[in-house]
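Reading through the structure tokens given below for one structure.
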Amino acid sequence: MANESGSETIVKTGSIEVICGPMFSGKTEELLRRLRRARFANQPIAIFKPVIDNRYSELNIVSHDANFYPSLLISKASDMLKNKGDARVVAFDEAQFFDESVVSVAEKLALGGIRVIASGLDMDSQGKPFGPMPALMAIADNVLKLNAICAVCGAEAIHSFRKTEHKDTIMVGAKDLYEPRCRKCFFEGM
């Protein structure tokens, strides 16, 4: 696109970044790392998390290593549009817990020139795609899939194994309820 002087005009567009993987793979740590860099660059930030995620704190996004960033607890994805303020970076953790509208919200934010960073589990404890994550990954400009270390054999882990008999898809917990497992150990344990 050329401007009046005939030189090219650079159009700033937003983007969608997705960080995914099993529990204990460092998804939230990576999200926090990206937020620290954005803050260092003086970019206004809005951070959200779903109301269901109250494991460590209601007011912060908290990693399993106890690193944190202040966040706003919201009940639905559209709340991000109402509460983003002048943010140039919008981040949300535990994306799998949001409804499918999170995909259109992320797209709307990116079309508005905002950098969107989402992190979440790509698979549930049954090894199935989790909530809106596959759709978010499909529309993302870039996807980072992290692995953990299998708690059984030490291999690369891509699954979150639930250590209890509960069959509900959503059961919020940490090391007391889940452990990372490689494909082989995951299916042997089921």
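The values are calculated or read from the model by the stated rules, or taken from the named source; none is laboratory data. Just so we're clear, the structure is a prediction, and the values are computed from it rather than from any experiment. Because the Cβ atoms are built from the backbone with ideal geometry, glycine has one as well, and the counts that use them run over all protein chains shown.
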>> Checking the conditions here, which among 60, 42, 3 is at pLDDT 85 or above and surrounded by fewer than 20 Cβ atoms within 10 Å (Cβ to Cβ)?
In response: 42
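Could you list, in sequence order, all residues of the range 17-33 that are among the basic types (Lys, Arg) and closer than 11 Å to residue 119 by Cα?
Matches in the range 17-33: 27 only.
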>> With the requirement that a residue be closer than 20 Å to residue 119 by Cα, in contact with a His (Cβ under 8 Å, 6 or more places away or on another chain) and modelled with pLDDT of 85 or more, what does the range 136-190 give you?
In response: 180, 181
>> Suppose the filter is of a type in the set (A, V, I, L, M, F, W, C) and in contact (Cβ under 8 Å) with a residue 24 or more places away in the chain; does residue 138 pass it?
In response: no
> Looking at the range 67-91, which of the residues that are at pLDDT 95 or above and under 26 Å from residue 159 (Cα atoms) is farthest from the chain's Cα centre (by Cα)?
Replying inline: 77
> Being touching a Phe, Trp or Tyr at 6+ places or on another chain (Cβ under 6 Å), at pLDDT below 95 and at negative phi, is that true of even one residue in the range 101-119?
Replying inline: no
> What residue, of 148, 77, 157, is surrounded by 17 or more Cβ atoms within 10 Å (Cβ to Cβ), out of contact with any helix residue (DSSP H, G or I) (no Cβ under 9 Å at 6 or more places or on another chain), farther than 15 Å from residue 34 by Cβ and of a type outside the set (Asp, Glu)?
Replying inline: 148
> Across the range 115-139, what is the number of residues that are within 20 Å of residue 13 (Cα to Cα), surrounded by 21 or more Cβ atoms within 10 Å (Cβ to Cβ) and of a type in the set (A, V, I, L, M, F, W, C)?
Replying inline: 4
>> I need the full set of residues from the range 150-164 which are touching a residue at least 40 places away in the same chain (Cβ under 8 Å) and out of contact with any Leu (no Cβ under 9 Å at 6 or more places or on another chain), in order please.
In response: 157, 158, 159
